[in-house]
Amino acid sequence: MLGPRSFTQPHTKRCSPILATSRHAFTLVELAIVLVIIGLITGGVLVGQDLMRAGEIRNAMNQFQQFKAAAHAFRTAYGGIPGDITRATSYWGGAPAVNVPGSGTQTWNGDGDGMLDYGSFASYNEWSLFWQHLGNAKMVGGSFTGMSGPNANEEVQVGINAPGSKLGRAGWQPFSIGSVPDGDYFAGNYGNAMFLGDDISDHMLETSALRAEAAASIDEKMDDGKPGKGMVRAARNFNTACRTTADAETSEYNVLNENYDCILIFLKVI
């Protein structure tokens, strides 16, 4: 007689607590917390970028004020405008010739007409001499050649014959414009102006180096915020994407344009 059958209990597969937890779906609350964290991180990055841009703009404005103060201090000390004085070689030695780089502080004289222009000095134009004379007088930092770049007598090379800006890729260049009607520039008396722009081969700093938002911010803080009026301006007939119209009365900075399409011109610096 067969004895009673023994039945084996069927094996039930159980998940470990860890595995069970890993299969647990996110709740709406957990998803909300993740989204909040992502938002905070993104917002922090954007705020950081805004602070960096604001700092660059502030540094550029301070740099301009330092250059302007240095130029006026130079005129008081030396009796003329840096780059334009006629006795520079008596202070710092003369370069061998108008197209030959000097050594050390050797330089060239300006023509003493009160304007920072090409002069008649071949490679030694007055806007390049401006920076060399200020550097020789220890009124600005850096060492500058006082000469145009190798390709033309109006070539500016940032870091070589002109200082760079604290604002991105821009550099600084003085130049005498005087009184002009509407044309490349909005009408007005610019005197010895200062350009804030980018350098390209064979040319002055008339190449776009700023976004319209940055240009507008500088103009608003230092002047009237209008690209065609006041003592801080944009160009009129080049870099046209920087401003909305060619009419000084109605023109505004085209702040919706995020490209580097602006230069700035500071009037009557010295």
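The values are calculated or read from the model by the stated rules, or taken from the named source; none is laboratory data. Note that this is a predicted model, so its numbers are computed, not measured. Heads up, the Cβs are rebuilt from the backbone with ideal geometry, glycines too, and the neighbour counts pull from every protein chain shown.
Answer yes if at least one residue in segment 147-156 is over 26 Å from Ser208 (Cβ atoms), touching a residue at least 40 places away in the same chain (Cβ under 8 Å), hydrophobic (A, V, I, L, M, F, W, C) and in a loop (DSSP other than H, G, I, E, B), and no otherwise. No: zero hits. Scanning segment 227-270 for residues that are within 22 Å of Trp172 (Cα to Cα), more than 16 Å from the chain's Cα centre (by Cα) and of a type in the set (S, T, N, Q), we see that the one that is surrounded by the fewest Cβ atoms within 10 Å (Cβ to Cβ) is Asn237.
Of the residues Ala73, Ala77, which single one is touching a residue at least 12 places away in the same chain (Cβ under 8 Å), within 26 Å of the chain's Cα centre (by Cα) and surrounded by fewer than 18 Cβ atoms within 10 Å (Cβ to Cβ)? So the residue among Ala73, Ala77 that is touching a residue at least 12 places away in the same chain (Cβ under 8 Å), within 26 Å of the chain's Cα centre (by Cα) and surrounded by fewer than 18 Cβ atoms within 10 Å (Cβ to Cβ) is Ala73. Which one of the conditions (1) among the small types (Gly, Ala, Ser); (2) more than 15 Å from the chain's Cα centre (by Cα); (3) closer than 16 Å to Phe175 by Cβ does Gly197 fail to meet, given that it meets all the rest? Only one criterion in (1) among the small types (Gly, Ala, Ser); (2) more than 15 Å from the chain's Cα centre (by Cα); (3) closer than 16 Å to Phe175 by Cβ is unmet by Gly197, namely (2).
Of the residues making up segment 128-146, those that are in a loop (DSSP other than H, G, I, E, B) and in contact with a helix residue (DSSP H, G or I) (Cβ under 8 Å, 6 or more places away or on another chain) are Ala137, Met139, Val140, Gly141, Gly142, Ser143, Phe144, Thr145, Gly146. Summed over segment 105-126, residues that are modelled with pLDDT under 90, touching a strand residue (DSSP E or B) at 6+ places or on another chain (Cβ under 9 Å) and surrounded by 24 or more Cβ atoms within 10 Å (Cβ to Cβ) total 1. Just wondering, is there one or more residues in segment 134-151 that are within 16 Å of Ala71 (Cβ to Cβ), crowded, with 22+ Cβ neighbours inside 10 Å and aromatic (Phe, Trp, Tyr)? Checking segment 134-151: at least one residue is within 16 Å of Ala71 (Cβ to Cβ), crowded, with 22+ Cβ neighbours inside 10 Å and aromatic (Phe, Trp, Tyr).
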